[in-house]
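Trainee: Mind looking over this structure? Questions follow.
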Amino acid sequence: MPQQQSAFLRIDDESCGSEVTLHRNECIILRHFLIPIMVLIQDNSSLPIGAHIPHFTLPSVDGLTVESQKIKDPVLVVIFTCNHCPYAIAYEDRIIALAEEFDEQGAQFVLINSNDSTNYPADSFEAMKHRAQEKKFPFPYCHDESQEVAKAFNALCTPHCFVFDRHRV
């Protein structure tokens, strides 16, 4: 019997009477949690907890330009997402609900699509405009055509979420 390695992540939910333990190189699907959870585990991220925000200026589907340095809300939530990914689509309604709930508490959400629209036509800027109108996004949905912003954040998948405090840490 192989020796058990130490847990990489452990979730103990006493209210549900369940426990989940993850070890490196394991993947599980959580289906019965009472609250929506968005977790990305990446131990070699170039943007660790405590890092400062990589500032950006990007066009939004509403015709405005979003500059991270000009956002004055106490909390800034940056989410890399797209139109075609089934995981991103599955989280859209939850992200909208979170943005609406935390808006009154001073959190600004900004969504960024960095996908190559040549390979993923559903992620073109025009398709992004349509998606934002269809879903009534209450936040900017920005286009990172060059993928420079995604690279600066080391965004690895969709959705990939980053939360920054008032000091943009």
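Trainee: If we keep just the residues of region 142-162 that are closer than 13 Å to Ala88 by Cα and in contact with a helix residue (DSSP H, G or I) (Cβ under 7 Å, 6 or more places away or on another chain), which is surrounded by the fewest Cβ atoms within 10 Å (Cβ to Cβ)?
Mentor: In this case the residue turns out to be Pro159.
Trainee: Could you tell me which of the residues Ser146, Ser124 is out of contact with any Ser or Thr (no Cβ under 6 Å at 6 or more places or on another chain), polar (S, T, N, Q) and either modelled with pLDDT of 95 or more or closer than 17 Å to Thr57 by Cβ (or both)?
Mentor: Ser146
Trainee: Can you tell me which of Phe102, Phe139, Phe109 is part of a helix (DSSP H, G or I), aromatic (Phe, Trp, Tyr), out of contact with any Pro (no Cβ under 6 Å at 6 or more places or on another chain) and modelled with pLDDT of 95 or more?
Mentor: Selected residue: Phe102, the only one of Phe102, Phe139, Phe109 that is part of a helix (DSSP H, G or I), aromatic (Phe, Trp, Tyr), out of contact with any Pro (no Cβ under 6 Å at 6 or more places or on another chain) and modelled with pLDDT of 95 or more.
Trainee: Does region 103-127 hold any residues that are under 15 Å from the mean Cα position of the chain (by Cα) and among the hydrophobic types (A, V, I, L, M, F, W, C), and which are they?
Mentor: If the condition is that a residue be under 15 Å from the mean Cα position of the chain (by Cα) and among the hydrophobic types (A, V, I, L, M, F, W, C), then Ala107, Phe109, Val110, Leu111, Ile112 are the ones that fit.
Trainee: So Val20 clears everything in (1) closer than 17 Å to Cys157 by Cβ; (2) at pLDDT below 65 except one condition, right? Which one?
Mentor: All conditions pass for Val20, except number (1).
Trainee: I need a count of the residues in region 78-126 that are touching a helix residue (DSSP H, G or I) at 6+ places or on another chain (Cβ under 8 Å) and open to solvent by less than 30 Å² (accessible area, probe 1.4 Å).
Mentor: 15
Trainee: Still on this structure: I'd like the full set of residues that are out of contact with any strand residue (DSSP E or B) (no Cβ under 6 Å at 6 or more places or on another chain) and surrounded by 13 or more Cβ atoms within 10 Å (Cβ to Cβ), limited to region 132-141.
Mentor: Hits for region 132-141 are Lys135, Phe137, Pro138.
Trainee: Moving on. Would you call Ser60 under 23 Å from Asn154 (Cα atoms) and touching a Cys at 6+ places or on another chain (Cβ under 6 Å)?
Mentor: Yes, satisfied.
Trainee: Which of the following residues is more than 21 Å from Thr65 (Cβ to Cβ) and charged (D, E, K, R): Arg168, Arg94, Arg131?
Mentor: Arg94
The values are calculated or read from the model by the stated rules, or taken from the named source; none is laboratory data. For clarity, every value in this text was computed on a predicted model and none was experimentally measured. Positions of Cβ are generated from backbone atoms using ideal geometry, with glycine treated the same way; all protein chains shown enter the neighbour counts. What goes into the accessible areas is simple: the full protein's heavy atoms, side chains included, and nothing from ligands, DNA or RNA. Shrake-Rupley method; radii C 1.70, N 1.55, O 1.52, S 1.80 Å.
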